[in-house]
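Read through the structure below, which is laid out as structure tokens, and then see the notes.
None of the figures in this text is laboratory data; all of them are computed from the coordinates on show. These figures come from a predicted structure and were not determined experimentally. Note that each Cβ is placed from the backbone with ideal geometry, even for glycine, and that neighbours are counted across all protein chains shown.
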Amino acid sequence: MPRRITKAVIPAAGFGTRMLPFTKAVPKELIPLVDKPVIQYVLEEAVDSGITDILLILSEGKEAVLNHFRPHPALEARLKESGKIELLKSITPFSSDVKISCVWQEELDGLGGAVKLAEEFVKDDFFAVLLGDTVLDSTCDIPVTRQLIEAHELTGNSVVAVEKMAVELLGSYGCIGGIPVAESVLLVNAMVEKPLPHEVPGEFAVASRYLLSPEIFALLKSTPRGKANEIQLTDAIKQLIPSNRLNARIISGHRHDLGSKAGFLAANIAFALRDPKLAGAINQKLAALSPEIAAKFVK
Ligand code: G1P
């Protein structure tokens, strides 16, 4: 039986250029999904999956991400005094068993470069990687990171989360091909970062979550810069394929990329519409807006 997975690494160092100018001073990981920053959903997914030890990978100017998870005694006291217990809970989401630490990425040399910085934290355990700008909304009772842990418990291997994607979109993702070995689990036989049309190895895109063996650090050290002149995590992971040590879990869940404008807006509408306290008001406002929208755009 593999050892229990308790560690997660959350890369959150990138500039967030797709959401400029907003992300000039505010980290993209603090973009709100209704009333919570995206990174809080990411950490909640990790903790709900059994993770107790979390390492944030941050860069200069992103101190606010760490501050979001630091205690705020004055605010906590004020909420307690005024009996705002739900709000108090919302700013203290984790029990004291959950440890959050951080390292600073000085050179922004890609996702592989970010994960490399976690070697001392990870030591010799398998660990999860959750990209800090993406919410994975499980469509079953099992959080997506837990789905990966279960696939790892089944195979003993590293696991990447994947979702089926239209072929014309695959060029924006890490892309894999594989053969089914259990329900929703594939043995990966090819993996390419942001493939050109003739390089596409299969119909699945890597979806922001990974469960990795600590051997990834040795692989990352010998991985040269790849696409976009960055150290690509994909290029290190794919070295596990020849020895059949890489699986993919076809996730039961929806991916919301809050680092893109369309993803941010669509996710906010979707989450607001399923919040019983907000749905009525949002529906009304959208209905009131729609004649104007129709007048402008519908010919
Ligand atoms: C990264 C990974 C890519 C993955 C994507 C979404 O790309 O390199 O393999 O498919 O995240 O999880 P990025 O979006 O940072 O360019």
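At an R0 of 35 angstrom, the distance between the Cβ atoms of Ala166 and Ala228 translates into a FRET efficiency of 0.95.
Taking 12 Å as the cut-off, the amide N atoms of the stretch 48-82 that come nearer than this to a point 7 Å along the Cα-to-beta-carbon line of Leu88 belong to 75-82. Between Leu278 and Arg78, the distance separating the two model label sites (each 7 Å from Cα on the Cα→Cβ line) works out to 2.2 nm. With kT/(6 pi eta Rh) evaluated at 37 °C and eta = 0.692 mPa s, and Rh the Kirkwood radius from Cα pairs, the stretch 40-79 diffuses with a coefficient of 274 µm²/s according to Stokes-Einstein.
Electrostatic bookkeeping for Glu76 treats Lys and Arg as +1 and Asp and Glu as -1; over the other residues with beta carbon under 15 Å from its beta carbon, the sum is +3. Each residue of the stretch 250-267 is assigned a 3J(HN,Hα), and the resulting list reads 6, 6, 9, x, 10, 9, 10, 8, 6, x, 10, 4, 5, x, 4, 5, 5, 5 Hz, derived from the Karplus form 6.51 cos²θ - 1.76 cosθ + 1.60 (θ = phi - 60°), x at Gly and Pro.
For the cross-link pairs Lys28/Lys261; Lys62/Lys89; Lys62/Lys99, the ones whose C-alpha atoms lie over 22 Å apart are Lys62/Lys89. Rounded to the nearest Hz, the phi-derived 3J(HN,Hα) couplings of the stretch 55-67 under the Karplus curve 6.51 cos²θ - 1.76 cosθ + 1.60 (θ = phi - 60°) are 10, 8, 9, 10, 9, 3, x, 10, 4, 4, 5, 5, 4, where x marks glycine and proline. Taking the chain, how much of its Cα-Cα pair set, in percent, is spaced more than 34 angstrom apart? Distances greater than 34 Å cover 23 percent of the Cα pairs. For Val129, nonlocal amide neighbours, meaning residues 5 or more places apart or on other chains whose placed amide H falls under 5 Å from its own, are Val9, Tyr210, Leu211, Leu212. In terms of surrounding Cβ atoms within a 10 Å radius of their Cβ, Val192, Val135, Val34 rank from fewest to most as Val34, Val192, Val135. Annotation: amide H of Asn189 within the under-5 Å range of Gly177, Gly178, Ile179, sequence separation 5 or more or interchain, hydrogens built in the peptide plane. For the chain, the mean residue ellipticity at 222 nm estimated from helices alone is -9500 deg cm²/dmol, where every DSSP H run of n ≥ 4 contributes -39500 (n - 2.57) and the total is divided by all residues, rounded to the nearest 500. Listing Tyr41, Tyr210 from fewest to most neighbouring C-beta atoms within 10 Å gives Tyr41, Tyr210.
Computed from phi, the 3J(HN,Hα) profile of the stretch 156-167 under the Karplus parametrisation 6.51, -1.76, 1.60 (θ = phi - 60°) reads x, 9, 5, 9, 10, 6, 9, 9, 5, 9, 4, 4 Hz, with x in place of Gly and Pro.
For the peptides 269-278, 101-110, residues were scored by their other Cβ atoms within 10 Å and the scores averaged per peptide; the highest-first order is 101-110, 269-278. If R0 is taken as 51 Å, the Cβ-Cβ distance between Glu60 and Glu153 corresponds to a FRET efficiency of 0.85.
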